[in-house]
Amino acid sequence: MRSVTDIRGDFPIFSQHPELVYLDSAATSHKPESVIAGITNFYRSENSNIHRGIYDLAAQTSAKYEAVRQKVASLIGADSEKEIVYTSGTTDSINLVAHGFLAQRLNPGDEVLISAMEHHANLIPWQMVCKWRGAKLRIIPLNAKGEIDIKTFQGMLSDRVKMLAVVHISNSLGSINPVEEMISEAHKYDIPVLLDGAQSIAHVPVDVKALDCDFLAFSGHKMFGPTGIGVLYGKAAYLEEMQPVRFGGDMIRLVSYEDTTFAPAPQKFEAGTTNIAGVIGLGYAVDYLAAFDRGEIHKRMKELRAYALDKLREVPEIRIIGQSDHCSGIVSFMLGNVHPHDVATFLGAEQIAVRAGHHCTQPLMDLLEIPATTRASFSIYSQEEEIDRLAAELKNIHRFFS
Amino acid sequence: MNPRLKELYQSVILKHSKEPVNYEKREEAGQHLDAYNSLCGDRFHLYFDLKDGKIKDLSFHGYGCAISKASTSVLVEFLEGKSLEEAREMAREYLASLTEEGKTDELPEEFEAFGAARDFPGRMKCATLAWEEMVEFVGKD
């Protein structure tokens, strides 16, 4: 893998803010120059709507927009670009499956399984659909280390379960879930599985064929792309079965005043003028990410977490939340009795960007009996010196509040 | 360590967050307000009774950051025993003191300490959480 210094050179934010210690990549990653330039160039030289114009510019933009599907398909090992639906992000992708796929299949008495570490985006859509359809949302418990309790999970599987939706890497704990095993177990009961790849897509190898997941949801902005664009991968048969949930232009085949037939997947899910510049930007982000070996990125994330754990252990009264041996580049912690928001304000005043709060995993915080955590999260441009500054400032904060 | 931030915390906030005024649950109280910030999860319950038009036996309980806890403690300290009209006036003064325009030289030290939150806009809600809930109760006018 290239040196961190070299990689940081790809990201203009660091030259714009030389003092910035950015430890908030789980919230959003920074964008390399190639993505920024690609979007700028799109608006400067290529802008037009897609699938409508018959002039050259429109045809070229349409082709470029569609070509990004193939890039995404290659990145995640999908069979075909037809299995790639553009959405506005992970949340939108999950909502689409909950409403367009599950709602029609779910009957009173059925069950949906999620884990106790899901963020709100992979909880509320299922919770709502279950309420509407009289089904039951069941929560797979965690063990003391913040890992999915596999034995209990196996016991929860039955013919009543109509969907399993699970996060690949927890945004609150950093745990990497044994999703291959979970998917394989679920498939024994023909349960479709959605994988929330928001935190994993840029940090570990993600191959939908190897994983055999039925759906994969992720966002562009956590993989060096722009905000407001995301992807839903779905196995072709399931996407064909799924109903569109937004209706309008460009997703139709034939329309009369009396009735409408829809275009095939993935177009039937993409009503109206979509986020064209977002898709173009996503294409550049895929190019950027694909130039790395994600196995090596994973190795680097583990190194950074191990380094951070060593450094943070020198801080008095620090308590690491999430102790799994299988973790990515996320470290959540509590500093004595100091509230995470107070910690984050003091860190922010020293140009150290972290996230503090419940990380949109309120039920998990309730389970752990803590109001919130402070979270440091890493990416390919993160460096040990940033962790050193974090640890040094945490010692100051601890002293101040003692 | 940022001097403005130290100032914000040192003068009043650390004291009040460590030794909050009337920090106790009083489920039997006649009035019960729930100051909750759904964005961060901070939540304080205010307990009091209304006797002869005055706020009596005001206490609070809950969890949150140092700023939200201290600002709630200051609220309890200042509004205990006040009439609804006095409470309304004081809450108005407190909330105004957190804006550039509302600053005056005659504020209690406890109020001025939170004025430093002006430099940290992300924390403004922490300084106003319980006060805004009280304003809802006593009325804005």
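Conditions (1) among the polar types (S, T, N, Q); (2) touching a Leu at 6+ places or on another chain (Cβ under 6 Å); (3) surrounded by 19 or more Cβ atoms within 10 Å (Cβ to Cβ), marked per residue:
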residue	(1), (2), (3)
A:303	no, no, no
A:310	no, no, no
A:326	no, no, no
A:329	no, yes, yes
A:339	no, no, yes
A:342	no, no, yes
Step by step: first the residues of the range A:248-273, then only those that are touching a helix residue (DSSP H, G or I) at 6+ places or on another chain (Cβ under 8 Å) and within 20 Å of residue A:70 (Cα to Cα), then the one that is surrounded by the fewest Cβ atoms within 10 Å (Cβ to Cβ). Which residue is that? A:264
For the range A:67-75, indicate whether the set of residues that are touching a strand residue (DSSP E or B) at 6+ places or on another chain (Cβ under 6 Å) and not in a helix (DSSP H, G or I) is non-empty. no
Name every residue in the range A:172-204 that is assigned to a loop (DSSP other than H, G, I, E, B) and of a type in the set (A, V, I, L, M, F, W, C), in order of residue number. A:173, A:191, A:198, A:201, A:202, A:204
If the requirement is being within 16 Å of the chain's Cα centre (by Cα) and of a type in the set (Val, Ile, Thr), which of these qualifies: A:208, A:161? A:208
Would you call residue A:303 free of Cβ contacts under 8 Å to residues at least 60 places away in the same chain, within 14 Å of chain B (Cβ to nearest Cβ) and acidic (Asp, Glu)? no
Residues that are in contact (Cβ under 8 Å) with a residue 60 or more places away in the chain: find the strands (runs of 3 or more DSSP E) completely inside the range A:207-257 holding 3 or more of those. A:215-219, A:230-234
First in the range A:329-352 and at the interface with another protein chain (Cβ under 7 Å from one of its Cβ atoms), second anywhere and in a strand (DSSP E or B), Cβ under 6 Å, 6 or more apart: A:341/A:356
I'd like to verify a number: residues in the range B:116-128 that are crowded, with 24+ Cβ neighbours inside 10 Å and without any contact (Cβ under 8 Å) to a residue 12 or more places away in the chain, how many? 0
Among the residues that make up the range A:21-29, is at least one of them surrounded by 15 or more Cβ atoms within 10 Å (Cβ to Cβ), among the aromatic types (Phe, Trp, Tyr) and assigned to a helix (DSSP H, G or I)? no
Out of B:83, B:68, B:97, B:59, report the one residue that is modelled with pLDDT under 90 and among the small types (Gly, Ala, Ser). B:97
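The values are calculated or read from the model by the stated rules, or taken from the named source; none is laboratory data. Just so it is clear, the structure is predicted and the values come from calculations on it, not from any experiment. A quick note on method: Cβ atoms are made from the backbone with ideal geometry, for glycine too, and the neighbour counts reach across all protein chains shown.
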